[in-house]
1. The list (1) 76, 28, 27; (2) 67, 66, 29; (3) 112, 33, 26 gives values of Cα extents along the principal axes in Å, and only one came from this structure; which label was calculated from it?
2. Would you mind ranking L106, L66, L155 by Cβ crowding within 10 Å, fewest neighbours first?
3. Which FRET efficiency value, to the nearest 0.05, do you get for D157 and T50 by plugging their Cβ-Cβ distance into 1/(1 + (r/R0)^6) with R0 = 22 Å?
4. Excluding T12 itself, calculate the net charge of residues whose Cβ lies under 11 Å from the Cβ of T12, where each Lys or Arg counts +1 and each Asp or Glu counts -1.
5. Pairs of Cα atoms under 8 Å, at least six residues apart: use those to get the relative contact order of the chain, whole percent.
6. With labels modelled as points extended 7 Å from the Cα through the Cβ direction, what inter-label distance (nm, one decimal) is found for R77 paired with R136?
7. Around L106, with a cut-off of 12 angstrom between Cβ atoms, what is the net charge of the other residues, counting Lys and Arg +1 and Asp and Glu -1?
8. Label the stretch 12-118 by shape, choosing from rounded, prolate and oblate, from the square roots a ≥ b ≥ c of the eigenvalues of the Cα gyration tensor; if a/c is under 1.5 it is rounded, and otherwise prolate applies when a/b is larger than b/c, oblate when it is not.
Amino acid sequence: MPPIALENSPVTEWFCLRSQPKHEHIAAGHLRQLTGIEVFLPRIRFKRATVRGAMWTTEALFPGYLFARFDWPGELRAVRHAHGVSGIVHFGDRWPTIADPIIAELRAALGPEELRVLDAPLAPGDVVKITDGSLRGMLAVVAQLQSGRNRVAVLMDFLGRQTMVELPASSLVREGEGRSSVV
């Protein structure tokens, strides 16, 4: 059970909220409009291979969840019914809180914009997927980085033999890159 406010001073605590699917940013926006509620939505930004080539994508670090600091008895109803919020994490009649140092540590890792950009440079030996051109969808291995030209020499199996091809770095995405390499 969350702490109870003594006298007339509200005690605010951090809670974990569930959002509707892919609506974390909407829930955060609506909660930020409410008085007395602090919101923390950690996000990541990374390149993802799409049919149109490599595209930058921004997603919640914890899909379907965000954090809010509020006075539990006084603001519970407003938070629970905010647009985009599907509920507050609880276990029966137990409403767990999140300690301030945990939120502070997450904030320090992500910075003031609550965003971590995953843009690790390619290195020789990395397996990459080609996202543009006639070789789109094929896998290759980075052989050499062409410094200053933003191009990469990759080795790939093509027509039964290994072939070295030079491609723009912007048309390559590390295979399997995404959520697993976070923080």
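1. For Cα extents along the principal axes in Å, the calculated option is (1).
2. L155, L106, L66
3. Efficiency at R0 = 22 Å is approximately 0.40.
4. Overall, the nearby charge balance is -4.
5. Once normalised by length, the contact order is 23 percent.
6. The two pseudo-label positions are separated by 5.3 nm.
7. That sum, taken over residues with Cβ under 12 Å, equals 0.
8. On the way: a/c = 2.22, a/b = 1.70, b/c = 1.30.
Judged from the Cα gyration tensor, the stretch 12-118 comes out prolate (a/c at least 1.5, a/b above b/c).
Any read-out appearing in this document is the output of simple, stated calculations on the displayed coordinates, not a laboratory observation. Everything numeric here is computed off the predicted structure, so don't read it as measured data. When we count neighbours, we look across all protein chains shown, and the Cβ atoms used for this are built from the backbone with ideal geometry, even at glycine.
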